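Take a look at the structure set out below.
The values are calculated or read from the model by the stated rules, or taken from the named source; none is laboratory data. No experiment lies behind these values; they were computed from the predicted model shown. All Cβ positions, even for glycine, are placed from backbone atoms using ideal geometry, and neighbour counts span all protein chains on display.
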Amino acid sequence: MKAGGSSRTHTAADAVFKGLAFVSALIIFVIMVGIFIQLIHSSRLSIKEFGFGFLFSQHWNPVTEQFGALSSVYGTLVSTAIALVLALPLSLSIALFLVRLAPPSVSRYIGYAIELLAAIPSIIYGMWGLFVFAPYMADHVQPFLENTLGFIPLFSGPPMGIGMLTAGIILALMILPFTTAVMRDVLQMVPSIVTEAAYGMGSTTWEVTKKVTVPYALTGLVGGAFLGLGRAIGETMAVTFVIGNNHNISASLFEAGNSIASTLANEFTEASDPLYLSSLIELGLVLFVITFLIQVAAHLWLRRLNKSKGQS
Amino acid sequence: MRLKSQTRRKSMDVLLKVIAFLSSLIGVFFLGWILLVIIRQGAAAINWDFFTKLPAPPGGEGGGLGNAILGTLYMTLLAAAVGVPLGMLTGVYLSEYGRDTRFGALTRFTINVMMGIPSIIMGLFIYTIMVVTVGHFSGYAGGFSLALLILPIVARTTEDMLTLVPHSLRESALALGAPRWKVTLGIVFRAAKNGLITGVLLAVARISGETAPLLFTALNSPYWPDTLGQPTANLTVTIFNYAMSPYQNWQTAAWGASLLITAAVLSTTILARLILRGKKA
């Protein structure tokens, strides 16, 4: 019974294949849970020693073994905020150009160039940032900002080049391709019948954009912002090169600071003391929880977007 | 409603167009600036020795990063060997078996979250399970932390690409009596071939330029990577260490390594795009 035999092996092979696929999916789930558990387990020393105070203490002194996450969390949030403030309007405006204004051939090549920004490795942004962009900031941009906006504490201080502002600008460049890609897709989703109706009533492109396109696409645009936020907040190497690595919180954006990721990158291999190491891992845990929450929020937001798309 | 003057409306419109055009130029300008700097600075460091020799001591002459090039290759290959099959099987599960199941939805969600987890966290996780337990840094740990990065990307692209394959194709093959696994590997995979290759190439390009997950796993080493059981030299951590050093010859080598890694990543990315476009044409 050749046919029967082969069908039995087929069934067995099918079961094995399905099993493998299922186990692979399971492994991914186990890894995610494993990361969470491992990080908590490995930072137990620091959690026990500092408790919730870890999050609100600015002290970071390996010699006296006082560790607090505040300056790193602050730096992470501030550099990310600078990146978003710069990248979001820029990418909306680029997306608008690519979708509505540019001729198709120009749009394709410029779009391609913007996408290539995402392919450049983080450490390359770091090299360029430290050796080329930071000196440029120190010589031209920061003196200019100080002279024009220096009355605001944000823009006063020694023009050293490296620091919070430079890190934020480089982060903005790094997230630009991602936010632009999302916004481009979102703008393309706006039905042409809606925009054409507005044009037909005599609106200019500016009016169509402000009153029709952007309100229509708002949910998706916010989704793009979430994506940029998630990208920027855990970015490590480029920030480590240019942020200056200083555990102080300062009002000036010119001052050196640090972020969670840059602190890890700089200090981890030097940390020999168990409590020091454990505190660094707890910093990692904080970053993990923040990014996890951002991803969940983005997921829920996008689900809302899909739902509203289904209704219309 | 008060009507705005025609000139004001027109000028707002022109302003918008100019700003949109300039924004695009800003993006292109920075890409050009970065690439130009990397090529100009890096070209000075590239010669035959750069690919074949061990690093020179600080302040010394000559030498190369042959060990780091090899180490990066080994670890990227290890990561691909672990991450690609696992990711593809997960994609198969999501597209072929668990498309509408609750576990499928949970896995899909996990993959999306995992893609957003910073790469340095992956390094930290592998450090706690593969470095602390063994007691020293190793190339295997580096390879596995890269595998964790490639895994969700490959799973996601595989699912996307397999979902694009029309159901009628699967049904005809199944109707001919082909078993499910053969339909998946022989028919569905073949139909989605270009997309899958593109996805894998993009994922490999992305991890080969990663630094953060290697910092506390592979570390770095001045020796040849004879085994992955020891700290392993790699290009990206070498760039980090050398760039932060005060020695002129090390900084030059860091620029050379930057050029090499940028060229490799960009050409792989462009190749992947061309493969995908070749399919459409």
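A compact table of results
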{"quantity": "Among (1) more than 29 Å from B:G143 (Cβ to Cβ); (2) in contact with a Gly (Cβ under 8 Å, 6 or more places away or on another chain); (3) within 13 Å of chain A (Cβ to nearest Cβ), the one test that B:G186 misses", "calculated": "(2)"}
{"quantity": "Residues of the range A:109-132 that turn out to be among the small types (G, A, S) and more than 8 Å from every other protein chain (Cβ to nearest Cβ), as a count", "calculated": "3"}
{"quantity": "Failed condition for A:G129, given (1) buried (at least 18 other Cβ atoms within 10 Å of the Cβ); (2) of a type in the set (G, A, S); (3) outside any helix (DSSP H, G or I)", "calculated": "(3)"}
{"quantity": "B:T52 among the β-branched types (V, I, T) and under 30 Å from A:V16 (Cα atoms)", "calculated": "no"}
{"quantity": "Matching residues, the range A:262-276, being within 9 Å of another protein chain (Cβ to nearest Cβ) and surrounded by 19 or more Cβ atoms within 10 Å (Cβ to Cβ)", "calculated": "A:L264, A:A265, A:F268"}
{"quantity": "Selection within the range A:196-206 - modelled with pLDDT under 90 and either among the aromatic types (F, W, Y) or crowded, with 19+ Cβ neighbours inside 10 Å (or both)", "calculated": "A:T204, A:T205, A:W206"}
{"quantity": "Some residue of the range B:197-209 being within 14 Å of the chain's Cα centre (by Cα) and within 21 Å of A:L130 (Cβ to Cβ)", "calculated": "yes"}
{"quantity": "Hey, A:M160 surrounded by 22 or more Cβ atoms within 10 Å (Cβ to Cβ), away from every other protein chain (no Cβ under 14 Å) and either touching a strand residue (DSSP E or B) at 6+ places or on another chain (Cβ under 8 Å) or modelled with pLDDT under 95 (or both) or not", "calculated": "no"}
{"quantity": "Only listed residue being closer than 26 Å to B:L215 by Cα and at the interface with chain A (Cβ under 10 Å from one of its Cβ atoms), chosen from B:T110, B:T133", "calculated": "B:T110"}
{"quantity": "Residue in the range A:90-108 that is among the hydroxyl-bearing types (S, T, Y), more than 8 Å from chain B (Cβ to nearest Cβ), within 30 Å of B:G32 (Cβ to Cβ) and surrounded by fewer than 23 Cβ atoms within 10 Å (Cβ to Cβ) present", "calculated": "yes"}
{"quantity": "Test result for A:L26, within 11 Å of another protein chain (Cβ to nearest Cβ) and part of a helix (DSSP H, G or I)", "calculated": "yes"}
{"quantity": "Checking A:V63 against (1) exposed (fewer than 14 other Cβ atoms within 10 Å of the Cβ); (2) within 18 Å of A:N245 (Cα to Cα); (3) within 14 Å of another protein chain (Cβ to nearest Cβ), the condition it does not meet", "calculated": "(3)"}
{"quantity": "Test: residue in the range A:284-299 that is surrounded by fewer than 19 Cβ atoms within 10 Å (Cβ to Cβ), hydrophobic (A, V, I, L, M, F, W, C), free of Cβ contacts under 8 Å to residues at least 60 places away in the same chain and under 20 Å from A:K48 (Cβ atoms)", "calculated": "yes"}
{"quantity": "Among (1) closer than 26 Å to A:E235 by Cα; (2) within 13 Å of chain A (Cβ to nearest Cβ); (3) crowded, with 22+ Cβ neighbours inside 10 Å - the single one B:E159 does not satisfy", "calculated": "(1)"}
{"quantity": "Restricting the range B:238-247 to residues that are part of a helix (DSSP H, G or I) and at the interface with chain A (Cβ under 9 Å from one of its Cβ atoms), the residue that is surrounded by the most Cβ atoms within 10 Å (Cβ to Cβ)", "calculated": "B:I239"}
{"quantity": "Residue match in the range A:133-150 (condition: small (G, A, S), at the interface with chain B (Cβ under 8 Å from one of its Cβ atoms) and without any contact (Cβ under 8 Å) to a residue 24 or more places away in the chain)", "calculated": "no"}
{"quantity": "Matching residues, the range A:215-233, being free of Cβ contacts under 8 Å to residues at least 24 places away in the same chain and either surrounded by 21 or more Cβ atoms within 10 Å (Cβ to Cβ) or more than 10 Å from A:M183 (Cα to Cα) (or both)", "calculated": "A:P215"}
{"quantity": "Test: B:A218 is among the small types (G, A, S), closer than 30 Å to B:V132 by Cα and assigned by TED's automatic domain parsing to the domain that holds B:F144", "calculated": "yes"}
{"quantity": "Given (1) touching a residue at least 12 places away in the same chain (Cβ under 8 Å); (2) more than 16 Å from A:V289 (Cα to Cα), index of the condition A:L26 fails", "calculated": "(1)"}
{"quantity": "Selection count, the range B:239-267, where residues are β-branched (V, I, T) and modelled with pLDDT under 95", "calculated": "1"}
{"quantity": "Qualifying residue in the range B:191-204 (condition: part of a helix (DSSP H, G or I), basic (K, R) and at the interface with chain A (Cβ under 10 Å from one of its Cβ atoms))", "calculated": "no"}
{"quantity": "From the options B:G59, B:G71, B:G42, residue that is on the phi > 0 side of the Ramachandran plot and touching a residue at least 60 places away in the same chain (Cβ under 8 Å)", "calculated": "B:G59"}
{"quantity": "Residue check for A:P191: surrounded by fewer than 24 Cβ atoms within 10 Å (Cβ to Cβ) and without any contact (Cβ under 8 Å) to a residue 12 or more places away in the chain", "calculated": "yes"}
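Here is a yes/no grid of residues against (1) free of Cβ contacts under 8 Å to residues at least 40 places away in the same chain; (2) assigned to a helix (DSSP H, G or I):
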residue: B:I120; (1), (2): no, yes
residue: B:G135; (1), (2): yes, no
residue: B:G143; (1), (2): no, yes
residue: B:L151; (1), (2): no, yes
residue: B:A155; (1), (2): no, yes
residue: B:E159; (1), (2): no, yes
residue: B:L169; (1), (2): yes, yes
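For (1) within 23 Å of A:E115 (Cα to Cα); (2) touching a Leu at 6+ places or on another chain (Cβ under 6 Å); (3) buried (at least 23 other Cβ atoms within 10 Å of the Cβ), each residue gets a yes or a no:
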site	(1), (2), (3)
B:G177	no, no, no
B:K182	no, no, no
B:G199	yes, no, yes
B:N249	no, no, no
B:G256	no, no, yes
B:A264	yes, no, no
B:L271	yes, no, no
